[in-house]
Amino acid sequence: MEDLKNAVMAVCIISAGVCMIENLVSGTRLKTQMKFLLNLTVVTVLVASFAKGGVSFEMPDFSTYSQQDYGISEEVYNNEICRQTAENVSSAILQQLTASGINCTEIQTEVNISDDNSIFINKVTIRSDDFGKAVEIIRNIIGDSVEVVNGSG
């Protein structure tokens with residue numbers, strides 16, 4: 001594996017040299033000869049690596065990666081989905097309340113997402129000038145089963 005790494009590094013260095021030399025001799029008669037010599041050098045490095053038998057490919061050991069490593073990121077993803085959904089629901093409720101002429105200073109929504117990706121709105125906390133009318137509008141939008149809490153008091 002170390003030989004392969006050295007071969008790749010040598011090809012990269014030679015390729016950088018090829019680019020620099022091609023730019024230097026681009027307007028001269030030596031352009032084609034230099035390009036041929038440099039490409040011959042790249043091929044020689046590659047052939048030498050394979051001829052030594054130093055190039056071998058090893059598959060990484062996947063048993064070192066456990067399924068638990070991904071459980072944390074899945075949990076973070078699910079929490080972020082719940083948070084973003086709650087923000088979207090709060091924004092939609094705020095738009096409806098504003099359209100109805102109710103002044104709202106804060107809306108917080110608690111959302112759960114089930115395993116079959118169903119969204120359940122558990123609770124809405126609201127600070128509003130007219131709490132009673134806001135509750136009526138929210139229950140008309142979401143349904144009667146949602147708990148609406150006055151955040152002002």
Among the candidates 90, 73, which residue alone is polar (S, T, N, Q), within 25 Å of residue 116 (Cα to Cα) and at pLDDT 80 or above?
-> 90
Please find, within segment 141-153, the residue that is farthest from residue 96 (Cα to Cα) out of those that are open to solvent by 30 Å² or more (accessible area, probe 1.4 Å) and not in a strand (DSSP E or B).
-> 153
Quickly run through segment 1-15 and pick out the residues that are exposed (fewer than 13 other Cβ atoms within 10 Å of the Cβ) and among the charged types (D, E, K, R).
-> 2, 5
If you go through segment 98-109 one residue at a time, do you hit one that is of a type in the set (D, E, K, R), part of a helix (DSSP H, G or I) and open to solvent by 30 Å² or more (accessible area, probe 1.4 Å)?
-> no
Pairs, first at pLDDT 70 or above in segment 34-58, second surrounded by fewer than 10 Cβ atoms within 10 Å (Cβ to Cβ), C-beta under 8 Å, six or more apart | none
Please specify each residue of segment 111-140 satisfying the condition of being assigned to a strand (DSSP E or B), in contact with a helix residue (DSSP H, G or I) (Cβ under 8 Å, 6 or more places away or on another chain) and either open to solvent by 90 Å² or more (accessible area, probe 1.4 Å) or farther than 18 Å from residue 77 by Cα (or both).
-> 119, 121, 124, 126, 128
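If a residue has to be among the small types (Gly, Ala, Ser), within 42 Å of the chain's Cα centre (by Cα) and open to solvent by 50 Å² or more (accessible area, probe 1.4 Å) to count, how many in segment 16-47 make the cut?
Of the residues in that region, 1 qualify.
The values are calculated or read from the model by the stated rules, or taken from the named source; none is laboratory data. Here the structure is a predicted model, which means the values were calculated and not measured. Heads up, the Cβs are rebuilt from the backbone with ideal geometry, glycines too, and the neighbour counts pull from every protein chain shown. Side chains included, ligands, DNA and RNA excluded: accessible areas come from the protein's heavy atoms. Shrake-Rupley method; radii C 1.70, N 1.55, O 1.52, S 1.80 Å.
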